[in-house]
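Undergrad: Got a structure for you, questions after.
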Amino acid sequence: MYEKEFKKEYKLILKAIKEYDNICVFRHQRPDGDAFGTQMGLVTWLKDNFPNKTIHYVGNNTSTYGEDLFPYMEVVEDDFFEKDFLAIIVDTGNTKRIDDDRWQKAKLKVKFDHHPPVEQYGDINVVANEIAACAELIADFCFYYSKKYPVSKLAATYLATGIITDSGRFQFESANDVTFKTFAKLLECGVLPFKDIYLKLYAKDISSLVFQKFALNNMVFTEGGLAYYILKQKDLDELGIDNERGKEHLSLMSNINGVEIWFCITEISEKNEFRVSIRSKLIDISGVASKYRGGGHKQASGATLYNLEEELPLMIKDLEELIKNEVR
Ligand code: AMP
């Protein structure tokens, strides 16, 4: 499906995989389902098919996904990165967001991504801008070679999870025929979406319901078509949740008549900043996200605010302006 576009790159990447005894797969900070899904899907495919190589995966863990969905990350000692190794970096548009600086030490760097190509940091770059999930791209690469190097059920489960999460459960505009065809091929590898993915993805505890109540009680609706909730450190403390879970109830604000763009803001007190997760029905929000130290996709982007009092009204104005222009 993407193999026509990336045939040359795919060949070079397979050659590199064969050549290097040491490989490490990296992904972006504050990982979501697609970051984990692409990373672990690729790692599993590599381990299944190249059992004699040393293959690592790094990055911080997150409380958003339990260990039954994705394994905890490895702690890899520095010595590994002193050897000649191949770094494959997935789902990360720019170097600042790569979750572990040691990717820089790699002899060869491969980038697989679906964010706007702001920084082509790989020696080999496979970037399909605005496809629903990076997992689609990794799946495409693995299936291209699957006659010789098959895709196991586990690898397919990770990749299918990436597609489900980053396509907004197939609801975003970017979920198209290729997304579904790729997903179907993954299911043919034996994945049972309900049992293997949804049951784990939607598992929640009572604290999540208490948080949901907070989000509903504290939602703000603006006349210009926005909805949002803010979680300060004291709220996180009271709810007994960590800041990685801040966006957990973002989808409560989707599909509301009159709300075109919605977001949540979570205080990251250890960094003295506020993390914004923005979503939209149809309007492209990625430009405003970039303006506020972020980026992402048309309907799902992230940003960072330093001074809430000063910057929030400005961001609200910019987002409302997008809606106004759309209506015009
Ligand atoms: P989030 O709201 O954290 O779920 O992010 C939504 C989407 O925007 C994901 O695809 C992220 O990879 C992307 N994103 C979030 N923050 C940034 C950033 N600072 N730069 C580029 N992309 C981002």
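Undergrad: Hey, can you tell me all the residues within region 102-113 that are open to solvent by less than 40 Å² (accessible area, probe 1.4 Å) and part of a loop (DSSP other than H, G, I, E, B)?
TA: Residue satisfying the conditions is A106 alone.
Undergrad: Spot the failing condition for V43; the list is (1) in contact with a helix residue (DSSP H, G or I) (Cβ under 8 Å, 6 or more places away or on another chain); (2) open to solvent by less than 20 Å² (accessible area, probe 1.4 Å); (3) among the β-branched types (V, I, T), and only one is missed.
TA: (1)
Residues are listed down the side, and each one gets a yes or a no for (1) at pLDDT 95 or above; (2) among the small types (G, A, S); (3) over 30 Å from M253 (Cα atoms); (4) under 18 Å from the mean Cα position of the chain (by Cα):
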{"site": "D100", "(1), (2), (3), (4)": "yes, no, yes, yes"}
{"site": "V110", "(1), (2), (3), (4)": "yes, no, yes, yes"}
{"site": "F143", "(1), (2), (3), (4)": "yes, no, yes, no"}
{"site": "A175", "(1), (2), (3), (4)": "yes, yes, no, yes"}
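Undergrad: Take I88 and tell me if it is assigned to a strand (DSSP E or B), in contact (Cβ under 8 Å) with a residue 24 or more places away in the chain, in contact with a Lys or Arg (Cβ under 7 Å, 6 or more places away or on another chain) and of a type outside the set (D, E, K, R).
TA: no
Undergrad: Next question. Do we have D99 as surrounded by 24 or more Cβ atoms within 10 Å (Cβ to Cβ), in contact with a Lys or Arg (Cβ under 9 Å, 6 or more places away or on another chain) and more than 15 Å from I13 (Cβ to Cβ) here?
TA: In short, no.
Undergrad: Within region 270-283, is even one residue at pLDDT below 95, touching a Lys or Arg at 6+ places or on another chain (Cβ under 6 Å) and under 28 Å from S174 (Cβ atoms)?
TA: No, region 270-283 contains no residue that is at pLDDT below 95, touching a Lys or Arg at 6+ places or on another chain (Cβ under 6 Å) and under 28 Å from S174 (Cβ atoms).
Undergrad: I would also like to ask the following. L154: within 30 Å of D237 (Cα to Cα) and out of contact with any Phe, Trp or Tyr (no Cβ under 8 Å at 6 or more places or on another chain), yes or no?
TA: no
Undergrad: Residue check: is S286 open to solvent by 10 Å² or more (accessible area, probe 1.4 Å), within 11 Å of the ligand (Cβ to nearest atom), within 30 Å of V127 (Cβ to Cβ) and touching a residue at least 24 places away in the same chain (Cβ under 8 Å)?
TA: yes
Undergrad: Next question, about the same structure. Kindly indicate the residue of region 300-328 that is closer than 19 Å to I268 by Cβ and open to solvent by 40 Å² or more (accessible area, probe 1.4 Å) and also nearest to the ligand (Cβ to nearest atom) among those meeting that condition.
TA: Among them, the one singled out is Y306.
Undergrad: State the number of residues belonging to region 119-141 that are of a type outside the set (S, T, Y), open to solvent by 10 Å² or more (accessible area, probe 1.4 Å) and over 15 Å from the mean Cα position of the chain (by Cα).
TA: 7
Undergrad: Still on this structure: May I ask you to say which residue of P116, P51, P71 is open to solvent by less than 50 Å² (accessible area, probe 1.4 Å) and away from the ligand (no atom under 16 Å from the Cβ)?
TA: P71
Undergrad: Taking only region 249-282 into account, find how many residues are hydrophobic (A, V, I, L, M, F, W, C), more than 12 Å from the ligand (Cβ to nearest atom) and open to solvent by 10 Å² or more (accessible area, probe 1.4 Å).
TA: 4
Undergrad: Please count how many residues of region 1-29 are assigned to a loop (DSSP other than H, G, I, E, B) and touching a Gly at 6+ places or on another chain (Cβ under 8 Å).
TA: 2
Undergrad: Restricting to region 132-149, and then to whatever is of a type in the set (F, W, Y) and in a loop (DSSP other than H, G, I, E, B), can you tell me which residue is farthest from I13 (Cα to Cα)?
TA: Once the filter is applied, the top-ranked residue is Y149.
Undergrad: A follow-up question, please. Taking only region 228-269 into account, find how many residues are at pLDDT 95 or above, closer than 22 Å to Q171 by Cα and of a type in the set (D, E).
TA: 1
Undergrad: Of (1) aliphatic (A, V, I, L, M); (2) in contact with a Gly (Cβ under 9 Å, 6 or more places away or on another chain); (3) more than 23 Å from L86 (Cβ to Cβ), L154 satisfies all except one. Which?
TA: Every listed condition holds for L154 apart from (3).
The values are calculated or read from the model by the stated rules, or taken from the named source; none is laboratory data. Just so you know, these numbers come straight off a predicted model, no measurement behind them. Virtual Cβ from ideal backbone geometry, glycine too; neighbours counted across all protein chains shown. With ligands, DNA and RNA removed, areas are computed over all heavy atoms of the protein, side chains included. Shrake-Rupley method; radii C 1.70, N 1.55, O 1.52, S 1.80 Å.
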